[in-house]
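The values are calculated or read from the model by the stated rules, or taken from the named source; none is laboratory data. If you're wondering where the values come from, they're calculated on a predicted model, not measured in any experiment. FYI the Cβ positions are ideal-geometry reconstructions off the backbone, even for glycines, and counts take in every protein chain you see. Side chains are part of the model used for accessible areas, which takes the heavy atoms of the whole protein and leaves out ligands, DNA and RNA. Shrake-Rupley method; radii C 1.70, N 1.55, O 1.52, S 1.80 Å.
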Amino acid sequence: MIGRPGYPGRLFCIILPAMIIEQTIAYVKQELAGAEGGHDWWHYRVWKAAKQIAEKEGADIFVVELGALLHDIADSKFHGGDDEVGPAKARAFLLQLSVEPAVVDHVENIIRHISFKGGKEAATFSSPELSAVQDADRLDAIGAIGIARAFNYGGFKNRALYDPAIAPDLNMTKAQYKSSTAPTINHFYEKLLLLKDRMNTPTGKAMAEERHQFMQQFLDRFYQEWDGQE
Ligand code: ADP
Ligand code: NI
């Protein structure tokens with residue numbers, strides 16, 4: 001085989017990405033062991049959804065897979081608010097696997113720019129690959145799973161389920177959003193119900209529609225039960 005023109009190169013191209021994905025999965029599983037329920041390994045529903053979106057939207061699948069797998073490797077919420085721990089950790093991991101520098105840079109940018117933290121942030125990086133991963137991450141925050149994750153997170157933070165006296169705040173700065181102690185129901189108005197209209201891709205938008213309606217039904221029913229009117 002050796003010496004056959006082009007052969008080793010082509011072989012590397014096929015095998016290496018699959019091996020890198022395998023190693024990334026193993027790394028993420030190990031790093032996220034014991035994470036709270038909204039961010040544990042199962043949050044890698046995002047990986048599957050991102051692949052589906054990327055295939056339909058024609059984004060680079062390898063970059064999308066790495067971005068999706070590594071996007072919450074070190075969430076700033078659990079690292080004293082430091083937004084740079086995640087991108088740096090992913091970068092170090094990928095470089096040690098000898099992943100091409102352009103791919104490493106791209107994945108790092110996806111992780112750095114994926115979060116919509118509420119409020120009014122301007123986007124400073126965009127690519128079809130970020131769009132796919134971001135849509136997939138947003139899908140995991142809405143629908144039945146989104147509801148489960150929200151109340152899980154609220155419980156983790158010891159927040160009230162609902163308090164009719166505390167209105168949602170749609171104009172929080174990033175810092176206020178991060179330190180908010182509002183009831184979990186408010187999070188639906190401050191973030192979850194806004195996500196449908198923030199989807200980047202047509203595929204993501206279509207997937208968000210039904211999940212959005214389900215959240216709306218959930219809220220209607222929640223208030224009915226709250227008021228004893230069901
Ligand atoms: P991700 O990192 O996956 O983009 P976040 O870190 O923003 O998402 O949040 C993780 C999960 O916790 C999401 O499902 C989100 O809706 C939920 N969550 C985040 N902040 C709150 C909050 N203030 N109240 C309730 N749920 C929240
Ligand atoms: Ni996420």
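When each of GLY228, GLY204 is tested for being farther than 28 Å from HIS113 by Cβ and out of contact with any Cys (no Cβ under 6 Å at 6 or more places or on another chain), the lone residue that passes is GLY228. One residue is enough: does region 13-22 have a residue meeting the conditions of a type in the set (D, E, K, R) and open to solvent by 60 Å² or more (accessible area, probe 1.4 Å)? Checked against the condition, which is being of a type in the set (D, E, K, R) and open to solvent by 60 Å² or more (accessible area, probe 1.4 Å), region 13-22 yields at least one hit. Within region 206-230, residues that are within 17 Å of ARG149 (Cα to Cα) have Cβ atoms under 9 Å from residues that are modelled with pLDDT of 95 or more and part of a loop (DSSP other than H, G, I, E, B) in these pairs: ALA208/ILE142; ALA208/MET199; ARG211/ILE142; HIS212/ILE142; PHE214/ILE142; MET215/ILE142; PHE222/LEU161; PHE222/TYR162, counting only partners at least 6 apart in sequence or on another chain. Filtering region 186-230 to residues that are open to solvent by 80 Å² or more (accessible area, probe 1.4 Å) and touching a Phe, Trp or Tyr at 6+ places or on another chain (Cβ under 7 Å) leaves ARG198, TRP226. The single condition among (1) modelled with pLDDT of 95 or more; (2) within 13 Å of ligand 1 (Cβ to nearest atom) that THR203 does not meet is (2).
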